[in-house]
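The values are calculated or read from the model by the stated rules, or taken from the named source; none is laboratory data. On a predicted model such as this, the values are computed, not experimentally measured, just so you know. Positions of Cβ are generated from backbone atoms using ideal geometry, with glycine treated the same way; all protein chains shown enter the neighbour counts. Keep in mind that these areas ignore ligands, DNA and RNA; they rest on the heavy atoms of the full protein, side chains included. Shrake-Rupley method; radii C 1.70, N 1.55, O 1.52, S 1.80 Å.
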Amino acid sequence: MKRVVVGLSGGVDSSVAAYLLQQQGYEVIGLFMKNWHDDSVTISNDCPWLEDSNDALLVAEKLGIPFQTVDLSEQYKEKIVDYMFNEYEKGRTPNPDVLCNREIKFDVFMKIALSLGADYVATGHYCRKSEIEVDGKPVYQLLSGVDNNKDQSYFLCQLSQEQLAKSLFPIGELTKPQVREIAAEMELVTAEKKDSQGLCFIGKVRLPEFLQQKLQPKDGIIVQIDKDNSVYNTIVSDELITEEALSLAAKSIRYTPEMGKKVGKHQGAHYFTIGQRKGLNVGGTAEGLFVIATDVETNIIYTGMGSHHPGLFRKALFIEKSEVHWIRKDLALANGETMKVMARIRYRQPLQEATLHQFEDGMYVSFEEPQSAITQGQFVAWHIGDELIGSGVIS
């Protein structure tokens, strides 16, 4: 019997993952990750991890599998929370869920599981894994989940071959309603439980409040840039082939206050992200205002009116060399090579037609259609068919 450690989060997905593995004849152990107990940063008055670990324990008891809690809060603080604060302070927008999978679940947690004699680690992610042979060696593929509405392969876009080799995703072939049905049939306490929103494993957190406890508020101004501003007259070539043309298309516009008019005040540019609409509290405009740029140096937020404002759109983005990551190393591009792919720049975005262009200093991703709110610090992931083959941090 192969031994599998399941990351039981106290949610319905991981509960059903554990049950399915048991049905498949694995020896299953449930492990709950406790990732937070820093009282200096309150997250909410109720304590979600206690409730979650309790639910995880009840599921383990129901299934008759061993269960224990591991405290990873120190590593989580260092690798995820501190990193997030640093990124926000620099005016970038990190994706803590992608990092949590790369650094915690499939690294720190996986090492603990393997030290318990596990052959595999399993999670309740909606994605699939398969194995092919390349030059006589096994190569693992990360595939989209069958449930298009719930596919979570994007959150695993930074995994390596070594991590995938030891991973199992038991619910990847199922839809969410099927998962809930199985949980109800098995009378699992999590069957009707709502999906958790918020930071990976911290619980019911709202990001602005969380950030405000560490990053000091400071008053700044909100500037509105008109859509007809001459700054948008730079002609970006339709033929994005040369490094120069790609660089121009990927470049963020440097705004200055003189380019627009002051329309309001804010509490700190580092709390805002490109494409954000909520929280600006500026009234009296014909359409909603969207953040088109933030400048944490001068503490100014630049906005544009309406979701079609030219300041929101770009045709290309750049990934620094050290941040280009291939799950399928055998498909990696050499300098000067290009590849047609389908890509997305955020979770749940429909896949977009794109081309990868590899150069000495890094990679450009150019899109067939201009993309709204390309955001520094977020991840772009690229697919061939339903296989996610690589990703990178948008610079």
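Key figures for this structure:
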quantity: Val28 accessible area, assembled protein chains, probe 1.4 Å, Å²; calculated: 10
quantity: DSSP-defined beta bridges in region 184-321 - what % are antiparallel, rounded to 5; calculated: 75
quantity: Fully extended contour minus Cα-Cα distance, from Lys278 to Gln24, at 0.36 nm per residue; calculated: 86.8 nm
quantity: Qualifying trypsin sites (Lys or Arg not before Pro) in region 303-375, DSSP loop, other Cβ atoms within 10 Å at most 10; calculated: Arg348
quantity: Accessible area per residue in Å² at 1.4 Å probe, computed on the chain; calculated: 47
quantity: Net charge over other residues, Cβ less than 12 angstrom from the Cβ of Gln224 (K, R count +1; D, E count -1); calculated: +1
quantity: Order of exposure, largest accessible area first, which applies to Tyr232, Tyr271 with probe 1.4 Å; calculated: Tyr232, Tyr271
quantity: Spatial separation of Cα centroids for region 352-395 and region 240-288, in angstrom; calculated: 21
quantity: Net length gained if the chain between Ser196 and Asp330 were fully extended (0.36 nm per residue, minus Cα distance); calculated: 44.6 nm
quantity: Reachable aspartates and glutamates, given that their alpha-carbon falls under 12 Å from the alpha-carbon of Lys34 and they are not under 8 places away in the same chain; calculated: Glu51, Asp52, Asp71, Glu74
quantity: For Ala113, net neighbour charge (Lys/Arg +1, Asp/Glu -1) across residues whose Cβ lies under 13 Å away; calculated: +2
quantity: Considering only the chain, percent of DSSP beta bridges that pair antiparallel, nearest 5; calculated: 75
quantity: Dipole in debye (nearest 20) - the chain, about Cα centre, beta carbon charges: Lys, Arg +1; Asp, Glu -1; calculated: 620
quantity: Helical contribution to [θ] at 222 nm, DSSP H n ≥ 4, -39,500 (n - 2.57), averaged over the chain, rounded to 500; calculated: -5500 deg cm²/dmol
quantity: Amide hydrogen neighbours beyond the local backbone of Ala122, cut-off 5 Å, H modeled; calculated: Val5, Val6, Gly7, Leu168
quantity: Range in the chain, longest, excluding exposed GluC sites (Glu not before Pro) [loop by DSSP; at most 12 other beta-carbon atoms within 10 Å]; calculated: 1-186
quantity: With DNA, RNA and ligands ignored, accessible area of Val4 (1.4 Å probe; Å², nearest 10); calculated: 0
quantity: Reachable lysines, given that their alpha-carbon falls under 29 Å from the alpha-carbon of Lys329 and they are not under 8 places away in the same chain; calculated: Lys2, Lys79, Lys105, Lys111, Lys129, Lys137, Lys150, Lys166, Lys251, Lys315, Lys321, Lys340
quantity: Where labels lie 7 Å past Cα in the beta-carbon direction, separation of Asp228 and Glu369 in nm; calculated: 2.7
quantity: Most mobile listed residue (Pro370, Pro177, Pro257) in the chain, GNM with C-alpha springs under 10 Å; calculated: Pro177
quantity: Surface accessible to a 1.4 Å probe, Lys251 within the full protein complex, Å²; calculated: 130
quantity: Contour excess over end-to-end distance, with Cα ends at Val134 and Asn149 and 0.36 nm allotted per residue; calculated: 2.3 nm
quantity: FRET efficiency estimate (nearest 0.05) - Cβ-Cβ, Ser307 to Glu244, R0 25 angstrom; calculated: 0.25
quantity: Rg over Rh [alpha-carbon atoms, Kirkwood Rh] for region 302-395; calculated: 0.97
